[in-house]
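Nothing in this text is a laboratory measurement; each read-out follows from the coordinates by a stated rule. These numbers were taken from a predicted model, which means no experiment stands behind them. No Cβ is skipped: glycine too gets one built from the backbone with ideal geometry, and neighbour counts run over all protein chains shown.
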């Protein structure tokens with residue numbers, strides 16, 4: 001089942017809160033059972049890979065409730081229900097969300113501070129409306145979604161640029177990428193392009209050790225995205241590996257491989273890795289080949305050790 005969003009968790013969190021301090025970890029465990037989440041769903045990580053998604057959303061539900069003064073935090077890792085929270089539960093609300101929280105001035109003040117931090121302008125009514133219409137993702141999820149969108153745009157632009165370079169440059173680019181990934185060690189000389197007439201269907205070679213005892217052969221096919229590379233191309237590359245007594249190679253294209261081509265590569269004894277345009281731009285971005293860092297934003301968090309008991 002889908003992981004509940006943070007607004008859907010606000011009312012359950014408030015119901016868990018009692019006059020006696022409740023530990024956040026106990027709250028997370030109780031809500032996981034309430035929503036019948038599996039162990040796998042509870043352990044599903046955010047895209048950053050640093051925190052479980054469900055636990056993060058519970059923490060953000062607590063943050064929003066705390067800014068509305070519906071709960072209190074007597075000490076680190078614990079929370080209790082406030083008088084205001086008890087009064088709200090007596091109303092038997094169907095849901096607690098951002099729109100409902102705008103009835104509390106403390107929450108609206110927090111909203112105004114957030115808007116000022118973002119450089120937002122407008123009336124208080126506008127601010128409340130914007131807060132009420134916030135998406136159901138937690139702030140870090142929105143940041144990651146924006147990051148993924150920017151990365152997707154970058155990779156699209158990168159593929160367009162790769163399609164514009166000369167064939168020789170493209171072959172050199174692939175060898176540069178494999179060296180950056182660690183094939184051939186850190187020595188730039190470990191990778192060299194062939195790309196000459198009579199190369200036997202091989203465009204590049206990576207010496208995986210200083211003596212060249214282990215060699216990785218590369219073929220690069222630059223096609224427009226709408227063109228698919230089929231099984232015959234993979235078979236031809238496998239045959240070219242026989243010509244150099246090789247058992248492994250990498251076949252790269254700027255377009256995509258057909259399912260038949262991928263199935264053939266998986267069945268044969270030779271180890272042939274297929275890299276399509278989407279995977280190519282992802283790897284170029286990951287290993288900083290043809291791209292550079294533009295802007296860096298640091299996301300900071302509370303140093304719990306500094307405020308430790």
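Work out, step by step, the length gained on full extension between residue 151 and residue 227: first 0.36 nm times the residue separation, then minus their alpha carbon distance; give nm to one decimal.
25.0 nm
Which distance in Å, rounded to a whole number, links the C-alpha centroids of the range 27-83 and the range 250-309?
The range 27-83 and the range 250-309 have Cα centres separated by 31 Å.
Treat the count of other C-beta atoms within 10 Å as a stand-in for reagent exposure and order 183, 297 from fewest to most.
Ascending Cβ contact count within 10 Å gives the list 297, 183.
Can you tell me how the range 9-103 classifies by the Cα gyration tensor, rounded, prolate or oblate, using a/c under 1.5 as the rounded cut?
Prolate is the answer for the range 9-103, as a/c is 1.5 or above and a/b outweighs b/c.
Would you order 302, 273, 206 from fewest to most other beta-carbon atoms within 10 Å of each residue's own beta-carbon?
302, 273, 206
Report the calculated FRET efficiency for residue 26 and residue 296 (r = Cβ-Cβ distance, R0 = 51 Å), to the nearest 0.05.
With R0 = 51 Å, the Cβ-Cβ based efficiency is 0.85.
Roughly speaking, what is the stretch gain from residue 242 to residue 69, that is 0.36 nm per residue apart minus the C-alpha to C-alpha distance, in nm to one decimal?
Full extension from residue 242 to residue 69 adds 55.1 nm.
Going by how many other beta carbons lie within 10 Å of each one, how would you line up 35, 147, 79, fewest first?
147, 35, 79
State, to one decimal in nm, how far the label point of residue 15 lies from the label point of residue 95, with both points 7 Å from Cα in the Cβ direction.
Between residue 15 and residue 95, the simple spin-label model gives 1.5 nm.
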